[in-house]
Amino acid sequence: MAGPLTGVGEAGGHVDAPSSLRDTATDITDVYAFTSPEDTGTVTLIANVRPFQLPGTAANALVDHPFATGARYEIHTDADGDGAPDATYRWTFRNEDRRPFGTGPKVGPLPVNSLDDRSLGVRQKYTLEKVTADGTVTTLLRDAIAAPTHTGRTLMPNYGKLRTQAIRDLPGGGRTVATQAAESFKADTQVFGLFVAGTSGPVPGWLPDAQPLSALNVNSLVLQVPKSEVALAGDARRNPVVGVWSSVSRQSADLGRSLAEQAPVYRQVSRNGTPHVAFAVHGSTVGLAKPGGPEDRFQARAPKDDHLDADFLAATLDPVPPRRIERAQGRRAPATPRRDIQALLMKGIGKSNGSLFGFDLTTHTMNADADRSRIVLAEQLRLNLTTPVAADPKAHGVLDGDLQGFPNGRRLNDNIDGPLIRMLEGEPAGPSARDLLPDPVVRLEPADAQSTFPYLNLPHAGP
């Protein structure tokens with residue numbers, strides 16, 4: 001059966017799970033969380049979705065990459081470490097079709113110079129709500145307009161102007177924008193091979209690091225809010241650590257009962273916090289993972305339930321990639337159980353929680369007002385809101401002494417695959433694993449992010 005109440009739209013990650021191919025509009029590619037560099041009293045949270053979008057041109061202006069209607073796109077924050085959201089920011093989209101009789105191209109024939117131009121025949125509008133832990137829903141924006149898919153420089157000669165028009169201030173401080181953007185993921189394609197085969201490169205011996213994502217686009221939800229909105233008790237000084245993740249849910253229903261007797265419910269189909277969790281613990285990606293397996297189950301699960309999944313817990317204690325590297329290269333894998341990796345993914349960096357960094361940085365136990373008896377193992381991207389903005393950011397973040405970088409949250413210019421492999425190989429307590437990371441013959445990566453809101457580069461586009 002198919003329909004708005006019966007669709008099964010399992011998806012998630014940069015093809016991190018088999019289900020990610022079934023519903024690309026809900027596929028979360030990356031989550032970023034960092035102190036806003038130009039406004040350090042605020043935190044910026046970004047969720048990228050719908051990957052692999054080709055640049056638009058006037059010749060293929062019919063190509064459109066909207067946000068999914070009937071879905072809930074959400075960014076969650078956990079201030080007390082119980083794995084459940086204390087604040088959820090929820091976007092829901094609808095299409096406003098202004099074309100005569102609802103037919104014809106969505107854009108043109110005249111150039112679009114404003115979001116109000118009639119040449120933009122179909123606009124996406126959205127409602128942004130904030131949901132607190134007690135279930136209170138507050139509408140922050142209603143009928144805000146998303147920046148459209150870039151259909152090329154002929155039809156959209158100044159996309160930057162359109163994106164600026166789409167930025168909306170939020171009540172209580174902060175701002176947001178829903179937009180198409182250039183892919184920001186600083187992927188290292190050579191390191192992919194270390195995760196899935198134990199050797200560098202998608203094909204062993206293939207060295208150029210020319211990743212195709214650098215020429216593609218995604219859809220982005222960018223949110224900037226005062227730190228007091230996400231910190232426990234509104235006090236980021238006393239309670240500096242917050243967990244962050246994103247999810248997408250689709251409408252669903254119980255087919256065992258009459259549809260007339262029930263309101264639509266939402267079923268989570270995609271989830272993303274720490275990047276490349278499936279790579280890190282299962283050494284898997286699409287083509288290697290079995291549909292309905294642990295990667296797909298992770299996408300449908302809330303962080304508060306991670307500690308109940310015995311298979312996932314076991315995988316974090318015995319991740320696959322180090323054993324593959326040992327078999328392929330003879331480099332001895334660190335001894336198991338890997339409580340350092342489990343702590344990295346499910347506790348954060350703490351002096352005495354097994355992470356082996358030797359200092360406190362991103363564990364919820366640092367929050368003075370947190371009830372320690374309620375803190376559970378939960379996979380999240382954890383951010384210390386009080387870490388100063390780095391004057392000299394390092395791509396490998398904390399491992400290279402840059403405490404503001406990954407895995408203390410994640411900035412747009414952070415490289416995450418290199419640090420993940422280094423930690424899987426035993427850093428920081430063990431010997432350096434940098435020698436595993438090949439120096440690329442050619443490097444073609446997404447351009448560095450901008451330094452001011454909304455930070456993401458404009459989408460790639462043709463004529």
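The values are calculated or read from the model by the stated rules, or taken from the named source; none is laboratory data. All figures in this text were calculated on a predicted structure; none of them were measured in a lab. Backbone-built Cβ (ideal geometry, glycine too); neighbour counts: all protein chains shown. The area values use the complete protein model at the heavy-atom level, side chains included, leaving out ligands, DNA and RNA. Shrake-Rupley method; radii C 1.70, N 1.55, O 1.52, S 1.80 Å.
For the pair segment 394-463 / segment 96-133, the C-alpha centres are spaced 36 Å from each other. Among the trypsin sites (Lys or Arg not before Pro) found in segment 43-127, those both in a DSSP coil and sparsely packed, with 10 or fewer other Cβ atoms within 10 Å of their Cβ, are 118. Ordering 156, 322, 180 by the projection of their Cα atoms onto the charge dipole of the chain, which places +1 on the Cβ of Lys and Arg and -1 on the Cβ of Asp and Glu, puts 156 at the extreme positive end.
Once backbone amide H atoms are built at 1.01 Å from N, residue 270 has 11, 248 as its partners under 5 Å, excluding neighbours fewer than 5 places away on the same chain. Across segment 84-96, computed HN-Hα scalar couplings (Karplus, 6.51 cos²θ - 1.76 cosθ + 1.60, θ = phi - 60°) run 9, x, 9, 9, 10, 9, 10, 9, 10, 10, 9, 9, 10 Hz from first to last residue, x flagging Gly and Pro. Measuring r between the beta carbons of residue 327 and residue 297 and using R0 = 22 Å, the FRET efficiency lands at 0.25.
Along the axis of the charge dipole computed for the chain (Cβ charges of +1 for Lys and Arg, -1 for Asp and Glu, origin at the Cα centre), the listed residues 291, 47, 107 are led at the positive end by 107. Surface composition of the chain: carbon plus sulfur atoms contribute 54% of the solvent-accessible area (1.4 Å probe, protein chains only, all chains present). By DSSP, what percent of the beta bridges with both residues in the chain are antiparallel, rounded to the nearest 5? Looking only at bridges with both residues in the chain, the antiparallel portion is about 95 percent. Translational diffusion of segment 401-463, estimated by Stokes-Einstein from the Kirkwood radius over alpha carbon pairs at 37 °C in a medium of 0.692 mPa s, is 230 µm² per second.
Cross-link reach is defined here as a Cα-Cα straight distance under 24 Å, omitting same-chain residues fewer than 8 places apart; for residue 130 the lysines meeting it are 227, 304. With the convex hull of its Cα atoms as the shape, segment 54-184 has an orientation-averaged projected area of 9.5 nm². The mean accessible area for residues of the chain, using a 1.4 Å probe and ignoring ligands and nucleic acids, is 39 Å² per residue. Calculated FRET efficiency, residue 435 to residue 392, Cβ-Cβ distance, R0 = 25 Å: about 0.55 to the nearest 0.05. Quotient of the Cα radius of gyration of the chain and 2.2 N^0.38 Å, N being its number of residues: 0.96. Largest first, the extents of the alpha carbon coordinates of segment 299-348 on the three principal axes equal 38, 20, 15 Å.
If you put +1 on each Lys and Arg Cβ and -1 on each Asp and Glu Cβ, how big is the dipole of segment 113-160 around its Cα centre, in Debye rounded to 20? Don't skip to the answer; put the middle values down first.
Numbers: 6 positive and 5 negative charges, 37 e Å.
Computed about the Cα centre, the dipole is about 180 debye.
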